[in-house]
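Heads up: the structure comes next, in structure tokens.
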Amino acid sequence: MPRLIRAALERAGVGGPDRVSSGVDVVGDIAIVRLAEFNRREKKRVGESLLDQVKNLRVVLEQEGGIEGEYRLRRLSHLAGEKRTLTLHRENGCAFKVDVARTYFSPRLSTERLRVAEGVGPGEKVLNMFAGVGPFSILIAKRAGVRVTSCEVNAYAAELHEENDRLNKVEELVDVINGDAMGLPRLVRTKFDRILLPHPSQADKFLATALELAKKGGRLVYYRHLPAVDEEEAAKMLRAELKGLLPPKSRSSLRRVRDVGPRWIEMAADVRLPA
Ligand SMILES: C[S@@+](CC[C@H](N)C(=O)[O-])C[C@H]1O[C@@H](n2cnc3c(N)ncnc32)[C@H](O)[C@@H]1O
């Protein structure tokens, strides 16, 4: 949201937008900003300006550094407004309870989630190996009316996922497993038509497990962060990686999801496994 941060900087009188490297993430009524170049007083002024500017905003947090660790969490500190990290986020006709400090969530993936959900056909069995608080799984269950199994290692994210299932009235369709996706072949007794691997920094390590769980002729949606200058270079890297990991005669179509940093691109591969 570059326009929002530009307006907040102007209103706070702290200098030009060339001082910030990214926009604002708005999750429910919480805004998350990155303001590494500013001093503490300036940051607070930007936080207050955002609260004045955006009607339904109640909290402004600063993110320091990237998304880190096994649970893919942001390091956050309070800048303005109420002191909390739990909120209710609405997207694509669903509502998600999210704790932005203790669970992963990115509002920037809403279009991607819709795209994936729209591709799911009737009667498919879907597995999401890295489910977070449920934004992919719940949208799929709600739109396609199919059964979804979600796996999530962060116990609090899995708990919020179950709450979100009830909130969106899909608790009869979605099963949440709190555990390591690597152990799924021992836990689930079925094979899946479609498997999602939305863990772009680690998905390659789990591809063999996904293949064990996929039906013949099944589909994978595989995400990767790649250090590339453009989509062409990123696609070349992803194609080379998949060649070494997928069974022969698999077909993949590759696409750019978003830019995730200077010279880092998130790519998706829609894979069709051989029958
Ligand atoms: C990039 S986030 C994506 C979450 C969710 N799909 C979304 O879009 O909001 C990756 C998630 O995988 C979880 N995770 C990491 N390692 C895992 C593992 N070995 N097994 C299951 N979940 C894992 C993290 O806790 C995190 O919630």
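The values are calculated or read from the model by the stated rules, or taken from the named source; none is laboratory data. What you see is a predicted model, and the numbers here were worked out from it, not measured in a lab. Because the Cβ atoms are built from the backbone with ideal geometry, glycine has one as well, and the counts that use them run over all protein chains shown.
Of note:
- Looking only at the stretch 38-52, residues that are closer than 18 Å to V26 by Cα and either part of a loop (DSSP other than H, G, I, E, B) or out of contact with any helix residue (DSSP H, G or I) (no Cβ under 6 Å at 6 or more places or on another chain) (or both) come to 6 in all.
- Qualifying residue in the stretch 255-264 (condition: touching a His at 6+ places or on another chain (Cβ under 8 Å), assigned to a strand (DSSP E or B) and away from the ligand (no atom under 12 Å from the Cβ)): yes
- Across the stretch 159-197, the number of residues qualifying as buried (at least 22 other Cβ atoms within 10 Å of the Cβ), near the ligand (Cβ under 10 Å from one of its atoms) and more than 17 Å from E212 (Cα to Cα) comes to 1.
- Within the stretch 241-254, residues that are under 19 Å from P227 (Cα atoms) sit with their Cβ atoms under 7 Å from residues that are of a type in the set (S, T, Y) and surrounded by 10 or more Cβ atoms within 10 Å (Cβ to Cβ), at 6+ positions apart or across chains, in these pairs: L242/S252.
- Just one of the listed residues (S137, S201) is surrounded by fewer than 23 Cβ atoms within 10 Å (Cβ to Cβ) and within 9 Å of the ligand (Cβ to nearest atom), and it is S201.
- Looking across the stretch 207-222, just one residue is within 11 Å of the ligand (Cβ to nearest atom) and surrounded by fewer than 20 Cβ atoms within 10 Å (Cβ to Cβ), and that is T209.
- Of all residue pairs spaced 6 or more apart or on separate chains, those with beta-carbon atoms under 9 Å, a first member in the stretch 145-162 that is in contact (Cβ under 8 Å) with a residue 24 or more places away in the chain and a second member that is outside any strand (DSSP E or B) and among the basic types (K, R) are N154/R72; N154/R102; Y156/R102; A157/R102; L160/R102.
- Beta carbons closer than 7 Å, at least 6 apart along the sequence or on distinct chains, pair a first residue in the stretch 64-75 that is under 13 Å from D25 (Cα atoms) and modelled with pLDDT of 95 or more with a second that is surrounded by 13 or more Cβ atoms within 10 Å (Cβ to Cβ) and among the β-branched types (V, I, T) for R74/I32; R74/I67; R74/V100.
- Residues that are hydrophobic (A, V, I, L, M, F, W, C) and assigned to a helix (DSSP H, G or I) were ranked within the stretch 96-134; the one that is nearest to the ligand (Cβ to nearest atom) is L109.
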